[in-house]
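These notes are about the structure you will find just below.
The values are calculated or read from the model by the stated rules, or taken from the named source; none is laboratory data. Computed from a prediction, not measured in an experiment: that's the story for all the values here.
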Amino acid sequence: MDLQINVGNLPKHGNNLELIVKKEDISIREIVDDVRLALEIHKSGNSYEVKGFMECDLSLTCSRCLKEIQQHKKCDFRLEFKEKSDSAVNRKFKIETDGIENDYLIVKNCLNLGPFLHDELILSLPKKPLCNEECLGLCPVCGIDLNCDSCEHYKTTQKKVLLG
């Protein structure tokens, strides 16, 4: 995903931006709709600070009962982008930034939020989404949804767990 922001004409006091990234550009199947971003960009020396938040709607599957669930996700973030320099005068800075991912460098007055946004969205997905904390899940023997019905297997399994 590519989300280039030109900071070449950034005002001295910084800039506030509101962006919408199309669902089709993200390619994460759990995202239902476009992702909304609100950003503040400020320059400080040879780096740019980007603060903001993103929000989106997710379609997930409960890890216990396998029901489809919808979830609204909000995430705050703070990033620092450094200007890339190839000149001999800035050799020390070049050495310092050699270990930094190219995604977090400013190249030709543009910073690319795309890789960060993609990574942040992937990392914000819950590992084990639940429809609710008390979800009983499925019976491991017959597969019935224990939130809606009961079965003799579940009662037997509960007794074994309690007797231990």
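The table that follows gives values for the structure above.
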item: Residues located in segment 47-86, provided they are in a strand (DSSP E or B), among the charged types (D, E, K, R) and under 14 Å from K128 (Cα atoms); result: E68
item: Set I122, I106: member being on the phi < 0 side of the Ramachandran plot, outside any loop (DSSP other than H, G, I, E, B) and at pLDDT below 85; result: I106
item: Number of positions in segment 1-29 that are within 18 Å of P115 (Cα to Cα), polar (S, T, N, Q) and outside any loop (DSSP other than H, G, I, E, B); result: 2
